[in-house]
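Reading through the structure tokens given below for one structure.
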Amino acid sequence: MTPTPVLEAVLPSERADADPRALAALARQAEDLGYAAVWLPDHLLPPGPYGPVYGGVHEPLVTLGYLAAVTHRIRLGTSVLVLPMRSPFVVAKQAATLQQLSAGRLVLGVGIGWDRAEFAAVGADFERRAARTDEALRLLRHLTEGGDGPFEGEFHGYERGVFAPHPAPRLHLMTGGTSAPALRRAARYADSWQAFALTPPEFADRAARLRELAGARRVAATTRIAWTDARTTAAEARAFGAAGAAAVAVHFGPDDGGYGERMTALAREWSAGS
């Protein structure tokens, strides 16, 4: 019997004039409907307006702290935080704090980023973003799992320093991307991997490669898809489940007032087909 993936919801954060408090209502609704996680995107200073290309109007870790206070069970994640644009020390502190505030529900999803103009705008290193991300992931593990020093890397290092809090349970790291280097990064550092823009057969091939690279490490393979309609989206999610996806995160389209209705429609269709 093919395992059934869990459904997750990517919350809308693309409208600059949107009330961020509406995200709290959607997160509570997703929790009530049985979604396993909610996700928020990230862009710091995009070269174009926020919208379909650039999501992340509201800073995701700050916003997830707010959502943690109004939910109880649902997991809270970033899909994905552009890690090489930020200080990994600050991200570690934010993530460890949020892990405690949420009673262990944080999934810190990270990626290397893709927009050269945005990196230039914030003074970040675009050319070496992959290497910086790998080191930052190693540093995140070192800090949050009790390493007070020393740490020596190419971009970051320190001799002495006390890091707290040490999150319990252990911080869940997710990495995104579908390239060969992205799979190697997931296999080495992540607890889960999130794909996007793949067909189910393509996903199955990447998931098999991930298992090969990870060896004895267990890295859950998951994906993101876009809403079409309830029946089609449910069928697509099931196809990804058959291809090995442990979870399918759905972005339900524009923040036009119908987001909650679409989440409800998919949850009903999913339950009816179970």
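In the context of the full set of protein chains, residues of the chain present 45 Å² of accessible surface per residue (probe radius 1.4 Å, heavy atoms only). Each Cα pair under 8 Å and six or more residues apart adds its separation to the average, and for segment 1-147 the resulting relative contact order is 22 percent.
Computed across segment 28-162, the Kirkwood radius stands at 15.9 Å (inverse of mean 1/r, all Cα pairs).
With contacts taken as Cα pairs under 8 Å at a separation of at least 6 residues, the chain carries a relative contact order of 20 percent.
Here the chain has 55 percent of its accessible surface on carbon and sulfur atoms, given a 1.4 Å probe and all protein chains in place. Extending 7 Å from Cα along the Cβ direction at L44 and again at D17 yields two label points whose distance is 2.9 nm.
Among the listed values (1) -0.21, -0.35, -0.43, -1.19; (2) -0.24, -0.40, -0.50, -1.33; (3) -0.27, -0.45, -0.55, -1.23, the one computed from these coordinates for log10 I(q)/I(0) by the Debye sum over Cα atoms at q = 0.07, 0.09, 0.10, 0.16 Å⁻¹ is (2).
Rounded, prolate or oblate, given the Cα gyration tensor of segment 70-110, with a/c below 1.5 counting as rounded? In terms of gyration-tensor shape, oblate.
For segment 20-79, rounded, prolate or oblate, judged on the Cα gyration tensor with a ≥ b ≥ c (square roots of eigenvalues), a/c < 1.5 rounded, else prolate if a/b > b/c? Since a/c reaches 1.5 and a/b is larger than b/c, the shape of segment 20-79 is classed as prolate. Close amide H contacts of V107 (hydrogens built in the peptide plane, cut-off under 5 Å, sequence separation of 5 or more or a different chain): L76, G77, T78. About its Cα centre, the dipole of segment 127-194 is roughly 240 debye, where the only charges are +1 on Lys and Arg Cβ and -1 on Asp and Glu Cβ. Among the trypsin sites (Lys or Arg not before Pro) within segment 213-262, which fall in a DSSP loop and have no more than 15 other Cβ atoms within 10 Å of their own Cβ? Taking segment 213-262 and a limit of 15 other Cβ atoms within 10 Å, the loop trypsin sites (Lys or Arg not before Pro) found are R217, R218.
Kindly identify segment 47-101 as rounded, prolate or oblate by the Cα gyration tensor criterion: order the square roots of the eigenvalues as a ≥ b ≥ c, call it rounded if a/c is under 1.5, otherwise compare a/b with b/c, prolate if a/b is larger, else oblate. Oblate is the answer for segment 47-101, as a/c is 1.5 or above yet b/c matches or exceeds a/b. In order along segment 155-162, phi translates into HN-Hα couplings of 10, 9, x, 7, 8, 9, x, 10 Hz, rounded to whole numbers, per the Karplus curve 6.51 cos²θ - 1.76 cosθ + 1.60 with θ = phi - 60° and x for Gly and Pro. Find out how many positive minus negative residues lie around G55, taking Lys and Arg as positive, Asp and Glu as negative, among other residues whose Cβ is under 13 Å from that of G55. Once positives and negatives cancel, what remains is -4. Residues in segment 25-42 carry Karplus couplings, in order, of 5, 5, 5, 5, 5, 4, 4, 5, 7, x, 5, 7, 7, 10, 10, 10, x, 8 Hz; the curve used is 6.51 cos²θ - 1.76 cosθ + 1.60 with θ = phi - 60°, and Gly or Pro positions show x.
The values are calculated or read from the model by the stated rules, or taken from the named source; none is laboratory data. Remember, predicted model here, so these are calculated numbers, not experimental data. Note that we place each Cβ from the backbone using ideal geometry, even for glycine, and neighbour counts take in every protein chain shown. Surface areas here come from the heavy atoms of the whole protein model, side chains and all, with no ligands, DNA or RNA. Shrake-Rupley method; radii C 1.70, N 1.55, O 1.52, S 1.80 Å.
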